Amino acid sequence: MKIIVCNIGSSSFKFQLLDMAAEQRLARGHVDRVGTDNGVITYWVAGDKVFEKEMAIPTHREAVQHALDFLTQSDHAVLQSLRECDAVGFKTIQAGERNGSVLLSDDVLQAMENYKSLAPAHNPPYLTAIYMFREMLPDTPLVGVFEPGFHTTVPRYAKIYGTPYDWIEQHHVVRYGYHGASHRYVTEETVKALKCAPDHKIISCHLGGSSSICACKNGVSVDVSMGFSPQSGLVQGARVGDIDPFVLSYIMERKGITLEEALDELAKRGGLLGLSGVSADMRDINAAIRQGNERARLARDKFIYDIKRYIGEYIVLMEGLDAIAFTGGIGQRDADLREQVLLSLGFLGVKIDRHKNSLHAPIITTEDSRISALVMETDEEIVVARETMKVVTA
């Protein structure tokens, strides 16, 4: 079975073509800076870079079309026709009550339309790509693997807020959680690496420009830091994280601004970017810290504090912990951050191997550590492909 996996961001389009018989990646591509005159297109075939070009990419439609032409019509084409594909899987973000791994029926697409305001940077470009594939491959199954799908196992009492009940029942205001594909992959790979018992307890830390932490007990998600939207949970690159909702009405009155303006300020001047005054990128923040920037130091300290806070919460909720795994750009590359987090767990018998940690080794705790810590690169696309195959074969 050959599957195309699509991963779409607000200004990017990524894809992989996989042969699922051996989970072999036949081709992949990145189209970055969509919506600009200096977009960058890069393609690989069987691991070798075969194409790179800077060009204008006005919309996601052009990005998707260029990629499909590469797969079928270029000098490096790996398909004679798109009809060779058995299915197309999308790493979709939000469809409310229709979240899960599902065929992209009219009802599901309408749910995505209904939740555009909750995922404004993702749902519209995903819908554009899905409608394109529908036009070109009307008989090929299209599957959405929605980010909150992995978190449908979270207990209802953990998913709800203390809102009026009709908000929950009629308007589906609950904690959905995101980064589902990444947390699924990381927890499954952790179980394999450590040969965990069936009754394992793992915390997955997806730390990057977008960050979340997930508690996984016995193979299923039991809680996740992100809630109704990806804006909640940890402080993130340009996301405020957890905040008292009455801050909004207070700041609107004090500054004489509307709700839309207040939300726009949070989106553009919040998170690590707002706290540091430097950047949403932790690499830039670290550089500023080395130059003595105290606001940058504050932003990093807040980020690490939030990570520790959620880890502590989840250890209590699961009544123990077997392993903690770090992934994402920060999780994989920031050895000092990992050390600070793990040293705070020393009272539970965590022993970090500083040398292995400095090398970003797969396992960064000592052999006699009571809790293991791992570093790994996530692979959301293979999760989407596997889930797509399950849906199609079912």
Would you check which residues across region 223-237 are among the hydrophobic types (A, V, I, L, M, F, W, C) and either under 12 Å from the mean Cα position of the chain (by Cα) or not in a loop (DSSP other than H, G, I, E, B) (or both) and list them? Val224, Met226
Considering only region 240-257, state which residues are over 15 Å from Ile213 (Cα atoms), of a type outside the set (Asp, Glu) and assigned to a loop (DSSP other than H, G, I, E, B). Val240, Ile243, Pro245, Gly256, Ile257
Looking only at region 311-320, decide whether some residue is at pLDDT 95 or above, surrounded by fewer than 16 Cβ atoms within 10 Å (Cβ to Cβ), in the same structural domain as Leu272 (by TED's automatic domain parsing) and of a type in the set (Phe, Trp, Tyr). no
Looking at Gly39, is it in the same structural domain as Ile8 (by TED's automatic domain parsing) and at positive phi? no
Look at region 258-291 and say how many of its residues are under 28 Å from the mean Cα position of the chain (by Cα), of a type outside the set (A, V, I, L, M, F, W, C) and not in a loop (DSSP other than H, G, I, E, B). 12
Of everything in region 49-60 that's within 26 Å of the chain's Cα centre (by Cα) and in a strand (DSSP E or B), which residue is nearest to Gln24 (Cα to Cα)? Lys49
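Conditions (1) surrounded by 20 or more Cβ atoms within 10 Å (Cβ to Cβ); (2) among the polar types (S, T, N, Q); (3) over 25 Å from Ser232 (Cα atoms), marked per residue:
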{"site": "Ile285", "(1), (2), (3)": "yes, no, no"}
{"site": "Arg295", "(1), (2), (3)": "no, no, no"}
{"site": "Arg300", "(1), (2), (3)": "yes, no, no"}
{"site": "Gln332", "(1), (2), (3)": "no, yes, no"}
{"site": "Leu342", "(1), (2), (3)": "yes, no, no"}
{"site": "Gly346", "(1), (2), (3)": "no, no, yes"}
{"site": "Ile352", "(1), (2), (3)": "yes, no, yes"}
{"site": "Lys356", "(1), (2), (3)": "no, no, yes"}
Every residue in region 124-166 that is assigned to a loop (DSSP other than H, G, I, E, B), touching a residue at least 24 places away in the same chain (Cβ under 8 Å) and among the polar types (S, T, N, Q), please. Thr140
Yes/no for Leu207 being in contact (Cβ under 8 Å) with a residue 12 or more places away in the chain, closer than 12 Å to Thr327 by Cα and of a type in the set (A, V, I, L, M): yes
I'd like the full set of residues that are in a loop (DSSP other than H, G, I, E, B) and without any contact (Cβ under 8 Å) to a residue 12 or more places away in the chain, limited to region 1-43. Ala22
Here are some conditions: (1) among the acidic types (Asp, Glu); (2) in a helix (DSSP H, G or I); (3) under 18 Å from Leu104 (Cβ atoms). Glu169 meets all but one. Which one does it not meet? (3)
Just give me the residues in region 217-249 being within 16 Å of Leu275 (Cβ to Cβ) and of a type in the set (Asp, Glu), in sequence order. Asp242
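The values are calculated or read from the model by the stated rules, or taken from the named source; none is laboratory data. Not measured: the values here are computed from a predicted model. Backbone-built Cβ (ideal geometry, glycine too); neighbour counts: all protein chains shown.
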